[in-house]
1. Across region A:124-138, which residue is farthest from RNA strand B (Cβ to nearest atom) among those that are more than 39 Å from the chain's Cα centre (by Cα) and touching a residue at least 12 places away in the same chain (Cβ under 8 Å)?
2. Within region A:131-159, how many residues turn out to be assigned to a loop (DSSP other than H, G, I, E, B), under 22 Å from A:Arg39 (Cβ atoms) and not acidic (Asp, Glu)?
3. Is at least one residue of region A:279-301 closer than 30 Å to A:Glu223 by Cα and either within 16 Å of RNA strand B (Cβ to nearest atom) or assigned to a helix (DSSP H, G or I) (or both)?
4. Give the residue, chosen from A:Gly178, A:Gly201, that is touching a strand residue (DSSP E or B) at 6+ places or on another chain (Cβ under 9 Å), on the phi > 0 side of the Ramachandran plot and small (Gly, Ala, Ser).
5. Modelled with pLDDT of 95 or more and farther than 30 Å from A:Met75 by Cβ: does that describe A:Glu204?
6. Restricting region A:391-403 to residues that are in a strand (DSSP E or B) and within 15 Å of RNA strand B (Cβ to nearest atom), which is surrounded by the fewest Cβ atoms within 10 Å (Cβ to Cβ)?
7. Between A:Glu372, A:Glu409, which is farther than 27 Å from A:Pro321 by Cα, near RNA strand B (Cβ under 9 Å from one of its atoms) and surrounded by fewer than 23 Cβ atoms within 10 Å (Cβ to Cβ)?
8. Among the residues of region A:449-467, which ones are modelled with pLDDT of 95 or more and within 12 Å of RNA strand B (Cβ to nearest atom)?
Amino acid sequence: MNTPSSSSPAEALRRSRREKLQRIVELGHDPWGHRLQGRLPIGEIRAMESQIQKVSTPEGEEEQGPKVLAAGRIMLQRKAGKLIFIDIRDWTGKIQLLVGKRQVGEKHWALAQCLDLGDLIAAQGELKHTRTGELSIFVKNLWIMSKALEPPPEKHHGLTDPELRQRLRYLDLIYTPGVMERFQRRTAIVKAIRRTLDQRGYVEVEGPTLQTIAGGAAARPFETFHNALGIPLYLRIALELHLKRLLVGGMERVYELGRVYRNEGISPRHNPEFTMLEAYEAYGDYHTMMDLTEQLVLAALEATGQGPKVQWGDAVIDFTPPFQRATYDELFAQHAGVDPGDEAAVAQVAQRLGIPTQDRHPDVIKNEVFEELVEPKLTGPVFVLDYPASICPLTKRKRDNPQVAERFELFIQGMEVANAYTELNDPDLQEQLFRTQLAGLPPEESMARMDHDFIRALRYGMPPAGGLGIGVDRLTMLLTGAESIREVILFPLLRPEKPGQATSAANPPEA
RNA sequence: GAGGCUGUAGCUCAGGUGGUAGAGCAACGGACUUUUAAUCCGUAGGUCCGGGGUUCGAGUCCCCGCAGCCUCACCA
């Protein structure tokens, strides 16, 4: 069709498959398959092994097994003259097919000659053992379900190049051991989170992802433009401010589980779009959310079918509850070796670390020291409690100490996994904090962007509440042994593939 | 944005100090009715990421660029 007489080896491989496709059509088979009725998952078929019976015949003892219909992808093929062994796999398991020329007849045998690694096929026959004891389907009928026109990766090593694994994730799922399982675990984790919140009486909602003010966090947003309205819009960087509006609106337990977008760097722990859970509970506080966090993490852990001790890289994470709780200042003193109340001493440490101290708020300096010296030591799981109020513009202060905010973060392996507050519901203080945060900062870098409608909402009365955010991707990393966030995101952001780029396994995208 | 590492057949990889590019898998042809990463015989397959440069000669050395990974920066 669009293939000129190219003689590259990749073309030769594709041509061979195209020729077989043609042959399949000529033989009267539909190379693109059709609905299958009565097909069983391979896992279930394997479980039928016990139904195989030995019967006596004039020729001796023979096996008699159930008739089954299976479908799957051809992973391996062994040809032995007029006999072909084909290993097919679906997402429940793998099984061997035995195709014999005498047993299947001409038309099916001719079809079998046109099969390649990677094709999707269906086979129907008797479930029995081969001479060497391998559970197999002794094929009577054979269909092709989908002809693979591209050659699959190497059959024992699969794909190893991380770039190819991410760009061709469908192949990664098929051929890299553990990838399918990891993403299924991710789904199980997300389901467990939903189940836990639903059981606790929460409602799930969907807030806007296109916003005129991207608030609720200190991150650079992606910008876009609405043509009909003629206004700039931003992709959300947090779920917070709209969920709190819903608290005002009377949704007393509310959560959203969805994507947020941050226009920042990419690293093994950062992807520009990631999945966040935020949950708000009226008449709770950050202690309420601490209990909830522990419950959610344990539910997620259980959903992955693991015990309390999880291997992650060289480390073992012990999720045995209750998780350790320690205050920000305690941990600061312990790991930074400085009295957190001694501003001069803290500034000195900061300077030693190369953290600028000129004209900066002491709490900001202190927090950067914390991030530098304390966070990497927090192998956790550990709840860090009571942050300096000045770095928490959306958080209620402690009743007996306005310098301290009722906030905690959960750290595991030096990673911030959860962040929670007793939510600030005083509209005047909230407005004031927005303004002081804004003072002298370009709007892009403000820690909290002024959102007048949000302040107005607070003026109508928001119940005191606990609020929680959990980074679902990071939690999934920790619970599935993934050391890069790209291993738990199906399609992480990559630079676009250039036409003709040498790293492309298959046809480059059309120009 | 900075630094380090990597890029060789469709895939997985090898190619000391510069001398006209190799293996396994996959493909193609042949043998084989109980294989298990099947085996055996044979054939074909290359923009060595791209572009410059040094050299009689570059996969190899130098410069510029592209992409990926890692570290850092950014990041409540």
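1. The selected residue is A:Glu126.
2. Taking region A:131-159 and keeping what is assigned to a loop (DSSP other than H, G, I, E, B), we get A:131-134, A:147-159.
Now restrict to residues that are under 22 Å from A:Arg39 (Cβ atoms): A:134, A:147-148.
Now narrow it down to the ones that are not acidic (Asp, Glu): A:147-148.
Residues flagged as assigned to a loop (DSSP other than H, G, I, E, B), under 22 Å from A:Arg39 (Cβ atoms) and not acidic (Asp, Glu) within region A:131-159 amount to 2.
3. Checked region A:279-301: at least one residue is closer than 30 Å to A:Glu223 by Cα and either within 16 Å of RNA strand B (Cβ to nearest atom) or assigned to a helix (DSSP H, G or I) (or both).
4. Within the list A:Gly178, A:Gly201, the selection yields A:Gly201.
5. Yes.
6. Of the residues in region A:391-403, the ones in a strand (DSSP E or B) are A:395, A:397-398, A:401-403.
Then keep just the ones that are within 15 Å of RNA strand B (Cβ to nearest atom); that gives A:395, A:397.
Details: A:Thr395: 21, A:Arg397: 18.
Per the stated criteria, the residue is A:Arg397.
7. On the way: A:Glu409 fails: farther than 27 Å from A:Pro321 by Cα.
From the options A:Glu372, A:Glu409, the qualifying one is A:Glu372.
8. A:Gly467
The values are calculated or read from the model by the stated rules, or taken from the named source; none is laboratory data. Predicted model only: the values in this text are computed from it and were never measured. Here the Cβ is made from the backbone with ideal geometry for all residues, glycine too, and neighbour counts use every protein chain on show.
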